[in-house]
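Undergrad: Got a structure here, written out as structure tokens. Questions coming.
None of the figures in this text is laboratory data; all of them are computed from the coordinates on show. From a predicted model like this one, the values you see are computed outputs, not experimental measurements. We place every Cβ from the backbone using ideal geometry, glycine too, and count neighbours over all the protein chains shown.
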Amino acid sequence: MSTSNIMHNFRVALVLASGLALAGAATTASAQTSDTQAKNLAAYEPYIGAPVKSFHFWKLQKWELVGDTQLIVWPEINKAYLLDVDLPCDRLQWAKAVGLSSTANTVSVRFDTVDVGGQKCRITQIRPVDIKAYKQARNVK
């Protein structure tokens with residue numbers, strides 16, 4: 001085997017080893033994130049209402065991932081909704097930004113989607129969050 005072949009094989013082995021190390025780190029980070037998401041969802045649970053069919057939407061103020069298929073969205077500063085989305089929605093776990101589809105400024109169950117990285121995840125349930133009560137209980141302004 002020539003020196004150039006040995007060097008090529010060494011580079012390939014180094015790249016593969018680096019990829020395995022990164023995959024292990026991503027799995028660990030994901031498990032920690034899931035724990036944090038579950039704790040955050042548990043904090044909101046006392047303030048989550050019964051399912052609704054839709055809500056008015058003009059602009060997404062902020063959002064928070066609280067599970068593999070759940071996120072809380074704020075269409076207004078003091079209005080929030082817990083959204084459940086259909087699987088597969090694998091890009092949601094790593095999203096830095098999301099969008100919502102709407103028709104006539106309304107987001108509806110089973111019709112509209114959470115858009116993340118080119119993937120459209122159908123909304124299967126919408127539940128209002130009493131964000132004022134949540135903030136009051138936590139003394140958050």
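Undergrad: For Glu76, list long-range residues whose amide hydrogen, built 1.01 Å from N in the peptide plane, is under 5 Å from its own amide hydrogen.
TA: Under 5 Å from the amide H of Glu76 lie the amide H atoms of Gln61, each far enough along the sequence or on another chain.
Undergrad: Sort region 28-131 into rounded, prolate or oblate with this rule: let a ≥ b ≥ c be the square roots of the eigenvalues of the Cα gyration tensor; rounded if a/c is under 1.5, and if a/c is not under 1.5, prolate when a/b is larger than b/c, oblate otherwise.
TA: Oblate, because a/c is 1.5 or more while a/b does not exceed b/c.
Undergrad: Also: Using the Cα centre as the reference, give the magnitude of the dipole from point charges on the C-beta atoms of region 25-141 (Lys, Arg: +1; Asp, Glu: -1; all else neutral), rounded to the nearest 20 debye.
TA: Computed charge dipole of region 25-141: roughly 400 debye.
Undergrad: In whole Hz, what ³J(HN,Hα) sequence does region 51-56 give by Karplus (6.51, -1.76, 1.60; θ = phi - 60°), x for Gly and Pro?
TA: Once rounded to whole Hz, the list reads x, 10, 7, 6, 8, 6.
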